[in-house]
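The values are calculated or read from the model by the stated rules, or taken from the named source; none is laboratory data. Small disclaimer: the values here were computed from a predicted structure and weren't measured. Methodologically, a virtual Cβ is constructed for each residue, glycine included, from the backbone with ideal geometry; neighbour enumeration extends over all protein chains shown. Please note that ligands, DNA and RNA were not included when accessible areas were found on the heavy atoms of the full protein model with its side chains. Shrake-Rupley method; radii C 1.70, N 1.55, O 1.52, S 1.80 Å.
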Amino acid sequence: MQQIGKNQLWILIVVFMIGSTPLFELGIKAKQDAWIAMTLAAVAGLLLTTLYVQIQKRAPESELAELYKIHFGRWIGGFVGIVYALWFAYESMRNVRDVGELTVMTLLSFTPKWIVMLLILSAATYTVSKGLEVFVRVVQLLFPIAAFSYAFLLILLFISRLPKIRHLLPLLEHGMMPVLKSAFPDLLSFPFGQMVIFFVFWKHVSEKKMISAISYWAYIGVSLFLILMNALTLSVLGPEISALAALPLLEVVQLIRLANILERLDVVVTLLLLIGLYVKITALYMAAVFTFTAVTGMSYRYCVLPIGLVIYASSFLETNNTYHLWIGLDITLKIVPLFQFVLPLLMLVVGVRKKYKTKNMAR
């Protein structure tokens, strides 16, 4: 079985959770209080992560599908596992489509979308075929690049004196309801609820006793960073422009000008976009393969290409970017709580009952 270390787990959580999230202004329905909505969703997401960790502790050597089989039996648990595999593949497909749409929109206007999506998915397929250890090493190589790029942009933003606190005021102008509606379920589902994917990878961590501590600290660090980036984007553009921009962070970076020398830093945002989406596509793709093989017993290597073809083919089902965004933001985010909250909570409850029965039988 492939193994990864505790530090590799930390890096994987950080890079996966950040992904391309800072490029967008999430929770903008709450206007200048979007960062407050992000904070509330992050706290709720921490509770979800605690739920996931407690379930994982019951069977540290089991993946997601295996955990459902333990709790619900072979047939029901296997069916739920297949549904999760399809969901992971679907989420990977959405990120493939995002790469195509955003690259054509911002960089390669005359390049066919299908070529861009084929290239990113080919890179992901090759990585998935090599296994988890190789993927995590790739993420380790990408992490310093992403960290340096974000740090570089943050320093330039403050040197340029672009953030304006007045754009974040007044706080809670319309009360808590707009904030709560923005936070739940949308912001909880994306990005914070996506921690559910680590049910698949925790089994492969060599130091099982460190999983909970590493996961909590990585999650908290990522949450603080995402809240900071959300607030900074708002403080530079204001809620009105942030709501209209397709890529608010790109708009922010285009405002950076230092001594008429350092400007046009769009390439940095593009680099961050590609790194984040590549990691998300590959992690979700790999999770789909792991989950499918755990249910069916098929060889891992024989599942990689068929699932990749399904992901690529399904990325063309949505006719245009408007329809793609509508499905993702208005439909998908209302369904995913089933996978992120309802089914794991049900598994927790069933597990408590099973544990109670086991104790009684031992007596």
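Of all the residues that make up the stretch 95-139, how many are within 25 Å of I4 (Cβ to Cβ) and in a helix (DSSP H, G or I)? Spell out the reasoning first.
So the first thing to find is which residues in the stretch 95-139 are within 25 Å of I4 (Cβ to Cβ), and the list is 95-96, 120-139.
From the residues that got through so far, the ones that are in a helix (DSSP H, G or I) too are 95-96, 120-130, 132-139.
Result for the stretch 95-139: 21.
Please go through the stretch 22-36 and pick out each residue that is open to solvent by less than 10 Å² (accessible area, probe 1.4 Å) and of a type in the set (S, T, N, Q).
Matches in the stretch 22-36: none.
Looking at (1) surrounded by 23 or more Cβ atoms within 10 Å (Cβ to Cβ); (2) more than 21 Å from the chain's Cα centre (by Cα); (3) not aromatic (F, W, Y), which one does K69 not meet, given that it meets all the others?
For K69, the exception is condition (1).
Quick one: A123 ticks every box in (1) buried (at least 19 other Cβ atoms within 10 Å of the Cβ); (2) in contact (Cβ under 8 Å) with a residue 60 or more places away in the chain; (3) not basic (K, R) except a single one, so which number is it?
So the condition that A123 fails would be (1).
Between a residue in the stretch 267-280 that is among the basic types (K, R) and any residue that is in a helix (DSSP H, G or I), which pairs come within a Cβ distance under 7 Å, given they are 6 or more apart or on different chains?
Cβ pairs passing all conditions: K280/F16; K280/N95.
Free of Cβ contacts under 8 Å to residues at least 24 places away in the same chain and of a type outside the set (A, V, I, L, M), is that true of S109? Even if it seems obvious, please write down each step before you answer.
On the way: free of Cβ contacts under 8 Å to residues at least 24 places away in the same chain: yes; of a type outside the set (A, V, I, L, M): yes.
The answer is yes for S109.
Please give the helices (runs of 4 or more DSSP H) falling wholly within the stretch 147-262 in which 1 or more residues are within 24 Å of A34 (Cα to Cα), touching a residue at least 40 places away in the same chain (Cβ under 8 Å) and open to solvent by 10 Å² or more (accessible area, probe 1.4 Å).
Details: elements: 177-182, 198-201, 211-244, 248-254.
Hits in the stretch 147-262: 177-182, 211-244, 248-254.
From the list V43, V80, exactly one residue is out of contact with any His (no Cβ under 7 Å at 6 or more places or on another chain), under 30 Å from L244 (Cα atoms) and either surrounded by 19 or more Cβ atoms within 10 Å (Cβ to Cβ) or without any contact (Cβ under 8 Å) to a residue 60 or more places away in the chain (or both). Which is it? Working first, answer last.
Working: V80 fails: under 30 Å from L244 (Cα atoms).
Exactly one residue qualifies, and that residue is V43.
Please work out which residue is modelled with the lowest pLDDT, limiting yourself to the stretch 305-318 and to residues that are open to solvent by less than 20 Å² (accessible area, probe 1.4 Å) and within 15 Å of L118 (Cα to Cα).
My answer is S315.
Scan the stretch 108-119 residue by residue and report those that are hydrophobic (A, V, I, L, M, F, W, C) and open to solvent by 20 Å² or more (accessible area, probe 1.4 Å).
Restricting attention to the stretch 108-119, the residues satisfying the condition of being hydrophobic (A, V, I, L, M, F, W, C) are 108, 110, 114-119.
Correct list: L108, F110, W114, I115, L118, L119.
Restricted to the stretch 272-292, and to residues that are open to solvent by 10 Å² or more (accessible area, probe 1.4 Å) and within 15 Å of V138 (Cα to Cα), which residue is modelled with the lowest pLDDT?
L274
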